[in-house]
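Here is the structure we will look at.
The values are calculated or read from the model by the stated rules, or taken from the named source; none is laboratory data. Since the structure is predicted, the reported quantities are computational estimates derived from the model, not experimental observations. Note: ideal-geometry Cβ built from the backbone for every residue, glycine included; neighbour counts use all protein chains shown. When the accessible area is computed, the model is the full protein with side chains, heavy atoms only, and any ligands, DNA or RNA have been set aside. Shrake-Rupley method; radii C 1.70, N 1.55, O 1.52, S 1.80 Å.
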Amino acid sequence: MSRPASHLPALKPWERSQYVTFQRWLNHVLRQRDLDNPDMKLEADLCDGSLIVEALEILTDKKVKGVRRARSGQTLSRIIRMNNVHTAFEFLKRQKVDVSSVSAEEIVDGKLAAVLGLLWLLMLHFQLRA
C-alpha cells in the first residue's frame, strides 16, 4: 500500500487526497511489472513518459512503439522525453482517449495539475468505464 506523499508542496486537503489516490492507482497498475514505487513523485517520475507508456501497455495489453526508456542512472534529454510523451498521447488518441486538455510539454515540465489530469483521464477511460 502506498504511503502518503510527504514530499508534496503545500496542497489543499482535496489536492493531497487526489494526489495520493492517483499515486496508489498508478502503483497498482505498475505492480504488474514490478515497477510500483510507494515514494513515487508523480510530477517528477512521469515526466520522461516511460512510466506512462508502461501503464498504457499494461492497461491495453498492447505494445507502444517508438519510446526510448532510460537505463539505470541515465537521464533522457528533453527532446526524447517530449517524444516519449507525445508518442503516449498519440497512442491514447488511437484508443479514443481525448487528451486535448493536457499537453506533452506540461507533463515533461512536471506540472502537477496536468499530471493529475492525465491520470484522471486514464482512470476514467480504462478503469471506470470498464
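Condition first: without any contact (Cβ under 8 Å) to a residue 40 or more places away in the chain and more than 14 Å from W25 (Cα to Cα). Now tell me which residues in region 105-126 satisfy that. Spell out the reasoning first.
As a first pass, look at region 105-126 and keep what is without any contact (Cβ under 8 Å) to a residue 40 or more places away in the chain: 105-106, 113-114, 117, 121, 124-125.
Those that are without any contact (Cβ under 8 Å) to a residue 40 or more places away in the chain and more than 14 Å from W25 (Cα to Cα): E105, E106, A113, A114.
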Hey, could you check region 60-87 for residues that are more than 9 Å from G49 (Cβ to Cβ), at pLDDT 95 or above and touching a helix residue (DSSP H, G or I) at 6+ places or on another chain (Cβ under 7 Å) and say which is most open to solvent (accessible area, probe 1.4 Å)? K63
For Q95, which of the numbered conditions (1) surrounded by fewer than 17 Cβ atoms within 10 Å (Cβ to Cβ); (2) out of contact with any His (no Cβ under 8 Å at 6 or more places or on another chain) fails to hold? (2)
So, in region 27-49, of the ones that are closer than 24 Å to N83 by Cβ and among the charged types (D, E, K, R), which residue ends up surrounded by the fewest Cβ atoms within 10 Å (Cβ to Cβ)? R33
